[in-house]
Amino acid sequence: MTSASTLNRRHLLAAGLAAPALLTFGRGTAQAATTLKISHQFPGGSIDEGDFRDRMCRKFAAAVKERSKGAIDVQVYPGSSLMKTNAQFSAMRKGALDLSLYPSPYAGGEVPELNIGLMPALVSSYAQALAWKTAPVGKKLTEILDAKGIVLVSWVWQAGGIASRERPLLTPDDAKGMKVRGGSREMDLMMKQAGAATLSLPSNESYAAMQTGACDAVLTSSTSLISFRLEEISKALTSGRERSYWFMLEPIMMSKIVFSGLPKDQQDLIMAVGSELESFGQEGAKADDTRVEEVFSKAGAKVVQLDEATLGKWRDIARDTAWKDFANKNASCAELLKLAEQVA
C-alpha cells in the first residue's frame, strides 16, 4: 500500500491545475490529516441551499470529516473552479484530482463503455436506474472503471428534459431542422436520425449557446435546466417528470491512485458515506423533476409531457442507431448493453 508521504510526493509532482490530496501534519502528533479535493461543474451554494449535486458534495465532505474525526478534510470546488469540466476525468485517472461528481458520458471518448450512462431510452424510470448498482450491469461497469483507475463512490441518476428557444421538442418529427445539444454521442445519434443537427458541449455552456442562437434546444437534467437558468431564454419545456428517454448516471467518482493510498478504514468510510448519500441524491433529482416545471411555467414557457407512445417512437430510433453503434464499439460495450437490457 502507498504510504501517506509517497502519496503526497506523487501529487505534488502531478499537480498541474490542482494540487490534490496534500497532507498536513498536526503539531505535536504523528497523525496525518489528509486533504482531498472534490470538483464539479455545477453552481456552488451551501450545504442547505442550491443545486443538490453541490449540496451532496458538501454533505459528503462534512460527513467524511466528522466520522474520520478530522483525519480527512474534503474541500469542494464548484463551477469548474478547480479545473475545466472535461479535464476532470483524465485528471482523476492520473491521480491529479481526487474526486468529482461527474457526468459519466463526458468521459465516453476516453472510456467508451461510460456512454451507457446516457443511452437514450435504455433507462426510463428511477426504479430501473437504481437497480443497476447491484445488478450484473452495475458490477460490470464498476469493474471496467476500476481497471481504468476510477472508483465509483456514490451512484446518482437524473432524469432530464428539453428546454427549447421556440417550439417544443416532443416527438421525433419535431426535431427536424433543430440544432440540439443532446449530452452524449448516443443521444446525438438518435437526434440526428430524427433530423436534428447536434452540437457537443458541457451543460454549463448551454445558456450561452442558446442565447446566441447556436443551439435551439438543450437536453439536460432537470437540475441543470434550473441551475443554469435556461427558463430565461426558453419558450418551451419538455418535462422528464412523468417519463423520459434521458436518464444520466452522474456519480461521485474517485481516483483509484488516491483511494489506494488511503488506509483501509478510510477507504471503507469514504465508500460508506457515498452509499448513504445516494438516497439524498435521488430525492434531489426527483424533486427537481417537479420543480423545473414550476420554474419554466412561472417564466411563461409552455410545458409538455411525453406519453408512452411517443417514448416508444424515440426508443425505436435509439435502438436502431445509438444502441447498435454502442454495441459495435467493442465486446465490453456489447456485454454492458445486453446486461442493461435485462434490468426491467
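The values are calculated or read from the model by the stated rules, or taken from the named source; none is laboratory data. Remember, it's a predicted structure, so these values are computed and weren't measured experimentally. With ideal geometry, Cβ positions are generated from the backbone for all residues, glycine too; neighbour counts draw on all protein chains shown. Note: accessible area is taken over every heavy atom of the protein model, side chains too, but ligands, DNA and RNA are not part of it. Shrake-Rupley method; radii C 1.70, N 1.55, O 1.52, S 1.80 Å.
Quick check for the range 264-344: number of Lys pairs with alpha-carbon distance under 21 Å, counting only pairs 8 or more apart or on different chains?
Final tally of qualifying lysine pairs is 6.
Helix 278-298 and the longest principal axis of the Cα set of the chain meet at an angle near 40°. Given their separation in residues at 0.36 nm each and the Cα-Cα distance between them, Thr134 and Arg319 gain 64.2 nm when the chain is fully extended. A simple count of charges around Ala194, restricted to other residues whose Cβ falls under 10 Å of its Cβ and scoring Lys, Arg +1 and Asp, Glu -1, yields +1. Geometric descriptor of the range 50-137, per residue, is 149 Å³ (volume of the convex hull of the Cα atoms).
In loop segments of the range 41-114 as defined by DSSP, the trypsin sites (Lys or Arg not before Pro) with at most 15 further C-beta atoms inside 10 Å of their C-beta are Lys69, Lys84. Under the rule a/c < 1.5 gives rounded, and otherwise a/b versus b/c splits prolate from oblate, where does the range 272-343 land using the Cα gyration tensor? Oblate, since a/c reaches 1.5 and b/c is not below a/b.
When the pairs Lys37/Lys148; Lys37/Lys94; Lys65/Lys148 are compared against a 25 Å limit on Cα-Cα distance, Lys65/Lys148 fall above it. Taking the convex hull of the alpha carbon positions in the range 217-331 and averaging its projected area over all directions gives 10.2 nm². Centre-to-centre, using Cα atoms only, the range 32-87 and the range 267-342 are separated by 24 Å. Where does helix 308-318 land angle-wise versus the long Cα axis of the chain, in degrees 0 to 90, nearest 10? Taking the Cα atoms of the chain, the angle to 308-318 is about 70 degrees.
Local charge for Lys256 was computed over the other residues whose Cβ lies under 10 Å away, with Lys and Arg +1 and Asp and Glu -1, and equals +1. For GluC sites (Glu not before Pro), the sites in the range 26-122 that DSSP calls loop and that have at most 11 other Cβ atoms within 10 Å are Glu49.
Helix 52-67 and the longest principal axis of the Cα set of the chain meet at an angle near 20°. Expressed as a whole percent, the accessible area of the chain that falls on carbon and sulfur atoms is 51 (1.4 Å probe).
The Cα atoms of the chain define a convex hull whose projected area, averaged across directions, is 16.6 nm². Normalising the Debye intensity of the range 155-252 to I(0), with uniform scatterers on Cα atoms only, and taking log10 at q = 0.17 Å⁻¹ returns -0.66.
Distance between the modelled labels on Lys329 and Glu66, one decimal in nanometres: 3.9 nm (7 Å Cα→Cβ projection). Between Arg229 and Glu143, the modelled label-to-label distance comes to 4.7 nm, taking each label 7 Å out from Cα in the direction of the beta carbon. Annotation: per residue accessible area for the chain equals 40 Å², rounded to a whole number [probe 1.4 Å, protein chains only].
Volume of the convex hull of the range 210-267 (Cα atoms only), normalised per residue: 156 Å³.
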